[in-house]
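Data block below; observations after.
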Amino acid sequence: MTDRTAAASPALARRSAGRAFSPGSHLRRPEAGALLGLLAVTLFFLVFGGTGFLQPAGVASWLNVAASLGIVAIPVGLLMIAGELDISIGAMIPAGSMTVAIIAGHGDQSIWLAIAAALALGVVVGWINGTLVNVTGVPSLIVTMGTLFAMQGVVLGLSVLFTGTVSVALPPEESGPVAKFLFGQFIGGAFQVVIVWWILLTALYVFYVHFSPWGNWIFAMGGDRESARNAGIPTRRMMVLLYILSATSAAFVGLCQAILFNSAQVSAGMSYIFNAIIAVVVGGVLLTGGFGSVIGIVFGTLTFAIVNQGIYFTDFDRNWSSLIIGVMLLAAVLMNNVFRRMALNYSPKRT
């Protein structure tokens, strides 16, 4: 395992927790820059957007965006920590939503059969991605780009074949009250239930990544995969598992959107590719792997969602919104680089 991996490993984090509190050591953590970036953009929109930004309706506007993006961003971030990438999520989100809508909405079948089929599709595509990366040695960007376009074609072709259209309705009576309650309701009239799923899944990821051997394996794979394999880590199985998590999470977001909005479209989901990568990088994950944290990804996701939605609470010309988003996200990434260098160059004093 390289020094870079050791700097960000869960084991080191747990050892550091037992020492006396040191502001410097906490600033070197992967999520430090992401937290400061989150605070900075929140303060910016509080100043220029007023308190309405933190009113229930305002919070719901960016928290709903963060939840759907966050469910996808965490497994994508874990893949990036392991030194890989998955851009096929852009096709898996509409694949999940269209699967549910076609089976339950157009085909009048059980909503639970439709949900199971959508999640099973995610498992299959994730297994294909992981297996191809392991067997062929082709860079994951190329492999998942291939499955991205392949799944787009499959979803479009099957949608037109079975329904004759690229947009399929899923009436509430087809979803049923239980599925609507679990996956497609608004809490308090504004907050999507997917926020609860995001919180629950984040808690699971935090435990497994930072408090179990699996987390050490992921960081080791990103630091030096050959050394990790020689150390007995099942790198191939872990790789397939991470891709399955990524694809299935994207399919889950898609099915939640179909049940929530009572319809599905073939074209939805492409924006999630870059949005997820931006959220992960802003959250402190190195593009080269071996460094990052789940909490940092959560902070990065919130930062992106606030910047994305906060512009509508200001008096700025909406035509400049993309420029403002780009500048603020670039500033957050540059700030994260400072904290990453601090962590990677840190050498603890010997006692």
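The values are calculated or read from the model by the stated rules, or taken from the named source; none is laboratory data. Every value quoted in this text rests on a predicted model; they were computed, and no experiment measured them. Every residue, glycine as well, gets a Cβ built from its backbone with ideal geometry; the counts of neighbours run over all protein chains shown.
Against the list (1) of a type in the set (A, V, I, L, M, F, W, C); (2) more than 24 Å from THR131 (Cβ to Cβ); (3) without any contact (Cβ under 8 Å) to a residue 60 or more places away in the chain, the condition LEU156 fails is (3).
Condition first: over 28 Å from SER61 (Cβ atoms), surrounded by fewer than 18 Cβ atoms within 10 Å (Cβ to Cβ) and in contact (Cβ under 8 Å) with a residue 12 or more places away in the chain. Can you find one or more residues in the range 276-290 that meet it? Yes. Within the range 147-168, the residues that satisfy the criterion of being crowded, with 16+ Cβ neighbours inside 10 Å and assigned to a helix (DSSP H, G or I) are THR147, LEU148, MET151, GLN152, VAL154, VAL155, LEU156, SER159, THR163. The set of residues in the range 169-181 that are assigned to a helix (DSSP H, G or I) and surrounded by 15 or more Cβ atoms within 10 Å (Cβ to Cβ) comprises GLU174, SER175, ALA179, LYS180.
Which condition breaks for GLU84 when tested against (1) touching a Phe, Trp or Tyr at 6+ places or on another chain (Cβ under 7 Å); (2) of a type in the set (Asp, Glu); (3) over 18 Å from SER271 (Cβ atoms)? Answer for GLU84: the failing condition is (1). Mind counting the residues in the range 173-217 that are closer than 17 Å to VAL76 by Cα and among the small types (Gly, Ala, Ser)? Here the count works out to 2. Counting only residues that are closer than 18 Å to VAL285 by Cα, of a type in the set (A, V, I, L, M, F, W, C) and over 24 Å from the mean Cα position of the chain (by Cα), the range 25-66 holds 0 of them. Every condition in (1) buried (at least 21 other Cβ atoms within 10 Å of the Cβ); (2) farther than 30 Å from GLU174 by Cβ; (3) of a type outside the set (Phe, Trp, Tyr); (4) modelled with pLDDT under 90 is met by VAL327 except one, and the failing one is (1).
Regarding the range 51-74, can at least one residue be identified that is buried (at least 23 other Cβ atoms within 10 Å of the Cβ), part of a helix (DSSP H, G or I) and in contact with an Asp or Glu (Cβ under 7 Å, 6 or more places away or on another chain)? For the range 51-74, residues buried (at least 23 other Cβ atoms within 10 Å of the Cβ), part of a helix (DSSP H, G or I) and in contact with an Asp or Glu (Cβ under 7 Å, 6 or more places away or on another chain): absent. Looking across the range 284-332, the residues that are part of a helix (DSSP H, G or I) and aromatic (Phe, Trp, Tyr) come down to PHE299, PHE304, TYR312, PHE313, TRP320. Within the range 252-282, the residues that satisfy the criterion of being modelled with pLDDT of 90 or more and assigned to a loop (DSSP other than H, G, I, E, B) are ASN262, VAL266.
Take SER246 and decide whether it is surrounded by 20 or more Cβ atoms within 10 Å (Cβ to Cβ), of a type in the set (Ser, Thr, Tyr) and touching a residue at least 24 places away in the same chain (Cβ under 8 Å). Spelling it out, SER246 is indeed surrounded by 20 or more Cβ atoms within 10 Å (Cβ to Cβ), of a type in the set (Ser, Thr, Tyr) and touching a residue at least 24 places away in the same chain (Cβ under 8 Å).
For (1) part of a helix (DSSP H, G or I); (2) modelled with pLDDT of 95 or more; (3) of a type in the set (S, T, N, Q), each residue gets a yes or a no:
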site: SER25; (1), (2), (3): yes, no, yes
site: GLY33; (1), (2), (3): yes, no, no
site: PHE44; (1), (2), (3): yes, no, no
site: ALA95; (1), (2), (3): yes, yes, no
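Within the range 226-237, the residues that satisfy the criterion of being assigned to a helix (DSSP H, G or I), surrounded by fewer than 20 Cβ atoms within 10 Å (Cβ to Cβ) and in contact (Cβ under 8 Å) with a residue 24 or more places away in the chain are SER227, ARG236.
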